[in-house]
Amino acid sequence: MSLPILITPGEPAGIGPDLIIQLAQRGWSSRWVVVADPALLEARAADLALPFQYQSISVDQLHWADQPGVVRVLPVALAAPAQAQQLDVRNAPYVLDCLALATDLCLSGQAAALVTGPVHKGIINQAGMPFTGHTEYLQERCACDQVVMLLATRDLRVALVTTHLPLREVADAITAERVERVTRILYQDLQQRFGLAHPRILVCGLNPHAGEGGHLGREEIEVIEPVLARLAAEGLGVIGPLPADTLFTEQHLAEADAVLAMYHDQGLPVLKHRGFGQAANITLGLPIIRTSVDHGTALDLAGTGQAHLGSLLTALDYAANLQA
């Protein structure tokens, strides 16, 4: 049997458990193992009035053959019973416990990949545990100097130089060192993970009109352009900095393998408009394969049966097909 792909459903009050139950109705891959509290999944299946068969396993049983149609669950206990749509600060540590266990199993070579469900950053922080997102958490857990957030649909990939920062802090974070490190990671993982021999990356400017020759900001002239010129001289296929408002047009995207945006809401609204619910979040620069859904916890949909599987299926597909 191939190494398992681990799935962490994320926030127990959100739609992550719903997605597991719905996925079980479609047929369960022999490679998938859920890291969660079995009681949570049983309760959510009852909320949804859907059948749910599972088998609790230990770490030593990760590679054992499974029973057809039976969901394999690696148990992690909730601190308190979870109710759909009702956040509970007591269960915030549970979310990180699941994530830590799954990450460590991937790092030790006992699992092939990690697929994460949506978490609620606010409730984790309310529990007194500083948390800005999966990407930053995995960077620290895997002891990486730099990682890159990439969201991918069927025909568009968008990576970010900065991730979860307040907008007023973004410009100070756009340093030559960061731009170069992120661009190199993106280029290398497009080659190694996606199998693209000579990737072409379109790079956004930071300012409107990519700075308008310095009249609308000098980050392009002083920071971004010198880095891209140096990388291009080494043979990397980087083009830019380009104005973000025209970069995301078919004319420019037709020959691009990825877009590198300077900040979260510069690139991701375009990608989500193009393929929301059918995209995956992929963390580049890690020693493990990690993918995730492209949406949040959707508390209002939890337990209603209205959650959509599209993004989870995309994330699972990438996890199975990215090159280690």
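The values are calculated or read from the model by the stated rules, or taken from the named source; none is laboratory data. Computed from a predicted model, the values in this text were never measured in an experiment. Positions of Cβ are generated from backbone atoms using ideal geometry, with glycine treated the same way; all protein chains shown enter the neighbour counts. Please note that ligands, DNA and RNA were not included when accessible areas were found on the heavy atoms of the full protein model with its side chains. Shrake-Rupley method; radii C 1.70, N 1.55, O 1.52, S 1.80 Å.
Is the C-alpha gyration tensor of segment 1-103 telling us rounded, prolate or oblate? Criteria: a/c under 1.5 is rounded; beyond that, a/b larger than b/c is prolate, otherwise oblate.
Details: a/c = 2.16, a/b = 1.30, b/c = 1.66.
Oblate, since a/c reaches 1.5 and b/c is not below a/b.
What does the accessible area per residue of the chain come to in Å², with a 1.4 Å probe and no ligands, DNA or RNA counted?
On the way: 13930 Å² over 324 residues.
Ligands and nucleic acids excluded, the result is 43 Å² per residue.
Pop out the carbon and sulfur fraction of the accessible area of segment 99-233 as a percent, whole number, probe 1.4 Å. Let's see the in-between values first.
Numbers: 2900 of 6010 Å².
Ligands and nucleic acids excluded, carbon and sulfur reach 48 percent.
Close amide H contacts of VAL293 (hydrogens built in the peptide plane, cut-off under 5 Å, sequence separation of 5 or more or a different chain): THR116, ASN281. In this structure the amide hydrogen of ARG200, modeled in the peptide plane, comes within under 5 Å of the amide hydrogens of ASP257, ALA258, none closer than 5 places in sequence on its chain. Sequence-ordered 3J(HN,Hα) estimates for segment 120-133 from the Karplus curve with 6.51, -1.76 and 1.60 and θ = phi - 60° stand at 9, 4, x, 5, 5, 5, 4, 7, x, 10, x, 7, 9, x Hz, glycine and proline given as x. Relative to the Cα centre, the charge distribution of segment 1-100, modelled as +1 at Lys and Arg Cβ and -1 at Asp and Glu Cβ, gives a dipole magnitude of about 220 debye.
If the only charges are +1 at each Lys and Arg Cβ and -1 at each Asp and Glu Cβ, what is the size of the charge dipole of segment 79-168 around the Cα centre, to the nearest 20 debye? It would help to have the intermediate numbers written out before the result.
Working: 6 positive and 7 negative charges, 50 e Å.
Approximately 240 debye in magnitude.
Sorted largest first, the spans of the alpha carbon positions of the chain along the three principal axes are 61, 39, 35 Å.
How much solvent-accessible surface does ASP47 expose, in Å² to the nearest 10, with a 1.4 Å probe and all protein chains in place? Accessible surface of ASP47 is approximately 90 Å². Of the whole protein surface, ASP97 contributes about 80 Å² of accessible area at a 1.4 Å probe radius. When the chain is treated as a GNM with alpha-carbon contacts under 10 Å, the residue of ALA302, ALA49, ALA113 showing the greatest mean-square fluctuation is ALA49.
Which whole-number percentage describes the relative contact order of the chain, with Cα contacts under 8 Å and a sequence gap of 6 or more?
23
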